[in-house]
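Just below is one structure, and these are the notes that go with it.
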Amino acid sequence: MLIEFKNKRRLAAIDIFRGLAIAIMLLVNALPNFEQAWPLLVHAPWAGLTIADLAFPGFVFIMGVSASLWFPKHEQDGSGEKFCIILKRSLLLILLGFFLCQFPLVLQHVFQPEPGGSLIKDIVEHGRIPGVLQRLGLVYFFGMIITWWLRSEKHIAIMALLLLVLSSTCFHLYDTTNPFSPDNNISMLIDGIFPGTAHCYMGQNFDPEGLYGTIAATASFLWGMLAGRQLTMESAPVFERVLMLLVGGAVLLLFGGAWSYLDIISKQLWTAPFVLFTSGGFMCSLGLLQMLLSLFPDFINWLFTPCRLLGLNPLFMFIVPDMVLMTLWQLTVKGEPFYSWLWENTLRGILGAPLSIFAFALVWVMLWVPLADFLHKRQIIFKL
């Protein structure tokens, strides 16, 4: 991992969009009570789409947008050098994600040690193997290799559709009557083989970041790559670029609506309609954001300052708040997790349950903005 000191000209739309994804992630993770929270702030249990379900695909999409800027910068690099950079970043993301997934076990051994307990044994026996960063690492690798290999926008779009067709077809071939059953589907089958149910999320027989979902998630990356190329096309005026993003996003939304009659919309399974709906919405949002930045640059930059600051250091803002939050949940006050105790003894009595849950999580998000500003002013960016 590198700590870079930079003073580069950046695309504000990308930083703001990335910061919005981070803000949603921080907000959703910071809910002090998930049962009483507004349903839109909690992940859909199986089928459906909520605000909480937008954070992860937003990360994947904007990673593709950002990756579109990488290839022009490395045009002069040799093939071996390019491949090594892509592979190194992918492996570092996967390794970092694996270690982050073991952090709850570390905290458990620190705050709730059991006589004769072994951290290494617990990790080997039931440490979680898949995770968000692990999927990002895999998607980054396959998405970059596909883009490098295909090059043209038309071929990349075709490949994105083929990946969605492949993902959907295998669901239906595995079970022709109920392909997206929460009790038995192809994604669950693969999770049972690797990493095995003992290493899935919370020991369940299915992991929402399992291997199978990587197929369709790579399509999300490729749609982001195409959006990034459109956004940065120097030969076209801003209006034309924005229009193409809006048209492309609308097409994906319509296509996703039609596909939803065949497949369910599910973040858990990362289904084809889920990819098309989220990617289409993100394309339109990115286009509108770029248009607003072109028309009212000073006002929009000021309005979205917190998001832009969070988006400048995505890796740091993904890992550090999560580790702090996990620690606060492990600390106890009168036998209750400190984090939920703090909510119950502050905002809950003033605002009531649902609103206080939202307000408490929003305060958590805003607490990280000054740190993001501190890093930005010193031009410090944590990168792989």
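None of the figures in this text is laboratory data; all of them are computed from the coordinates on show. Values in this document were obtained by computation on a predicted structure and should not be read as measured data. Backbone-built Cβ (ideal geometry, glycine too); neighbour counts: all protein chains shown.
At-a-glance table
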{"quantity": "Per-selection metrics, region 1-109 (Cα): Rg and Dmax in Å", "calculated": "17.8, 55"}
{"quantity": "Anisotropy class of region 139-194 from Cα gyration tensor, a/c 1.5 cut", "calculated": "oblate"}
{"quantity": "Exposure proxy order (Cβ contacts within 10 Å, fewest to most) of THR169, THR232", "calculated": "THR169, THR232"}
{"quantity": "Contact order normalised by residue count of the chain, Cα under 8 Å, 6+ apart, percent", "calculated": "30"}
{"quantity": "All Cα pairs of the chain, percent lying beyond 38 Å", "calculated": "18"}
{"quantity": "Region 267-339: trypsin sites (Lys or Arg not before Pro) in DSSP loop, at most 13 other beta carbons within 10 Å", "calculated": "LYS334"}
{"quantity": "By average C-beta atoms within 10 angstrom, highest first, the peptides 269-282, 134-147", "calculated": "269-282, 134-147"}
{"quantity": "Gaussian network model of the chain, Cα within-10 Å springs - most flexible of ALA219, ALA52, ALA353", "calculated": "ALA353"}
{"quantity": "Distance between modelled label sites at SER294 and HIS109, nm, 7 Å Cα→Cβ extension", "calculated": "5.5"}
{"quantity": "Helical segments meeting 15 Å axial Cα length and Kyte-Doolittle 1.6 threshold in the chain (DSSP H)", "calculated": "12-29, 55-67, 238-259, 353-367"}
{"quantity": "Point-to-point label distance, VAL251-ILE350, nm (Cα→Cβ direction, 7 Å offset)", "calculated": "5.0"}
{"quantity": "CD proxy at 222 nm, helix term only [per DSSP H run n ≥ 4: -39500 (n - 2.57); per residue of the chain; nearest 500]", "calculated": "-21500 deg cm²/dmol"}
{"quantity": "25 Å Cα cut-off, lysine pairs counted over region 57-295 (separation 8 or more, or different chains)", "calculated": "4"}
{"quantity": "Cβ-derived FRET efficiency at R0 30 Å, HIS376 paired with GLU75, nearest 0.05", "calculated": "0.55"}
{"quantity": "Contour excess over end-to-end distance, with Cα ends at ASP122 and ILE51 and 0.36 nm allotted per residue", "calculated": "22.2 nm"}
{"quantity": "Net lengthening on full extension, LEU189/MET202 (0.36 nm per residue, minus Cα-Cα)", "calculated": "3.0 nm"}
{"quantity": "Extension reserve of the TRP302-LEU325 stretch, reckoned as 0.36 nm per residue once the Cα distance is removed", "calculated": "5.4 nm"}
{"quantity": "Theoretical FRET efficiency, 1/(1+(r/R0)^6), r = Cβ-Cβ of LEU95 and THR176, R0 41 Å, to 0.05", "calculated": "0.55"}
{"quantity": "LEU40 paired with MET366, simple spin-label distance in nm, labels 7 Å along Cα-to-beta-carbon", "calculated": "1.9"}
{"quantity": "Selection from PHE274, GLN36, LEU243, by position along the positive dipole direction of the chain (Cβ)", "calculated": "LEU243"}
{"quantity": "For peptides 79-92, 243-256, sequence by mean Cβ density within 10 Å, most packed first", "calculated": "243-256, 79-92"}
{"quantity": "Compactness of region 266-357 as Cα Rg over 2.2 N^0.38 Å, two decimals", "calculated": "1.56"}
{"quantity": "Lys, Arg +1 and Asp, Glu -1 on Cβ, resulting dipole of the chain about Cα centre, debye, nearest 20", "calculated": "1100"}
